[in-house]
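A short worksheet on the structure shown next.
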Amino acid sequence: MVSTEQTISVTINGTTYERDVEARKLLIHFIRDDLDLTGSHVGCDTGNCGACSVIVDGQLVKSCMMLAVQADGSNVETVEGLADGEQLSKLQQSFRDHHALQCGYCTPGMLMSATALLRSNPHPSEDEIKKGLQGNICRCTGYWNIFEAVKAASE
Ligand code: FES
Ligand code: FES
């Protein structure tokens, strides 16, 4: 029988992992199931909710929309990489200070989208913040505190 597995090497938050993966495996499942990095969530598996957002080679990506084999040789950042040890990133601290989460399911994706936004545009306008987060669904907060947290982190 022909193997459908491929060996890939992906650097995640500075650590390089080499693994054999099924060609059809999604990047989010590789990250969560193969590497046990469960900070990134699966909300829909169809590219709608943004809970699985990660940064791949500097680009914001919904990791349920990318195959693990497509990330071969890439540099991936997940929510686990935002803090420096016990020290939260400025954005994470701002989420905490502004009560920008309730159940927390959307939070990893929100943080990665907002991180990507603030890297490309450190002082976004209010409209730019809203556009930067439009790919992420939150079913709890009504979005306002998330918006306030990102705005405060950009000031
Ligand atoms: S799980 Fe990827 S966008 Fe919802
Ligand atoms: S805090 Fe619950 S989905 Fe956003």
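Tell me whether segment 77-87 contains one or more residues that are on the phi > 0 side of the Ramachandran plot and in contact (Cβ under 8 Å) with a residue 12 or more places away in the chain.
Filtering segment 77-87 down to residues on the phi > 0 side of the Ramachandran plot leaves 85.
Remaining after also requiring in contact (Cβ under 8 Å) with a residue 12 or more places away in the chain: none.
No - not one qualifying residue is present in segment 77-87.
So for segment 71-86 (the condition being within 16 Å of ligand 2 (Cβ to nearest atom), surrounded by fewer than 20 Cβ atoms within 10 Å (Cβ to Cβ) and not hydrophobic (A, V, I, L, M, F, W, C)), does at least one residue qualify?
Initially, segment 71-86 is screened for residues within 16 Å of ligand 2 (Cβ to nearest atom), giving 79.
With the extra rule that they be surrounded by fewer than 20 Cβ atoms within 10 Å (Cβ to Cβ), the set shrinks to none.
No.
Restricting attention to segment 5-22, report how many residues are more than 22 Å from residue 84 (Cα to Cα) and either within 10 Å of ligand 1 (Cβ to nearest atom) or in contact (Cβ under 8 Å) with a residue 12 or more places away in the chain (or both). Show your work before the answer.
Narrowing segment 5-22 to residues more than 22 Å from residue 84 (Cα to Cα): 5-9, 18-22.
Then keep just the ones that are either within 10 Å of ligand 1 (Cβ to nearest atom) or in contact (Cβ under 8 Å) with a residue 12 or more places away in the chain (or both); that gives 5-9, 19-22.
Count: 9.
From the set of residues in segment 97-141 that are within 16 Å of ligand 1 (Cβ to nearest atom) and among the hydroxyl-bearing types (Ser, Thr, Tyr), which is farthest from the chain's Cα centre (by Cα)?
Step one: filter segment 97-141 for residues within 16 Å of ligand 1 (Cβ to nearest atom), giving 103-114, 116, 132-140.
If we keep only those that are among the hydroxyl-bearing types (Ser, Thr, Tyr) too, we end up with 105, 107, 113.
Details: 105: 12, 107: 9, 113: 7 Å.
Restricting to residues being within 16 Å of ligand 1 (Cβ to nearest atom) and among the hydroxyl-bearing types (Ser, Thr, Tyr), the top hit is 105.
Can you pull out every residue in segment 12-33 that is surrounded by fewer than 15 Cβ atoms within 10 Å (Cβ to Cβ) and not in a loop (DSSP other than H, G, I, E, B)?
15, 16, 18, 20, 33
Taking the options 99, 123, name whichever one is at pLDDT 95 or above, farther than 25 Å from residue 28 by Cα, loosely packed, with under 15 Cβ neighbours inside 10 Å and within 16 Å of ligand 2 (Cβ to nearest atom). Lay out the reasoning, then the answer.
Numbers: 123 fails: within 16 Å of ligand 2 (Cβ to nearest atom).
Residue meeting the stated conditions: 99.
If a residue must be more than 15 Å from residue 113 (Cα to Cα), away from ligand 1 (no atom under 13 Å from the Cβ) and under 12 Å from the mean Cα position of the chain (by Cα), how many such residues does segment 23-64 contain?
Residues flagged as more than 15 Å from residue 113 (Cα to Cα), away from ligand 1 (no atom under 13 Å from the Cβ) and under 12 Å from the mean Cα position of the chain (by Cα) within segment 23-64 amount to 2.
Counting just the residues of segment 102-117 that are in a loop (DSSP other than H, G, I, E, B) and among the hydrophobic types (A, V, I, L, M, F, W, C), which one comes out farthest from residue 31 (Cα to Cα)?
Initially, segment 102-117 is screened for residues in a loop (DSSP other than H, G, I, E, B), giving 102-106.
Filter again for among the hydrophobic types (A, V, I, L, M, F, W, C), leaving 103, 106.
Details: 103: 22, 106: 17 Å.
Checked segment 102-117; the qualifying residue farthest from residue 31 (Cα to Cα) is 103.
The values are calculated or read from the model by the stated rules, or taken from the named source; none is laboratory data. In this text, all values refer to a predicted model and were calculated from it rather than measured experimentally. Virtual Cβ from ideal backbone geometry, glycine too; neighbours counted across all protein chains shown.
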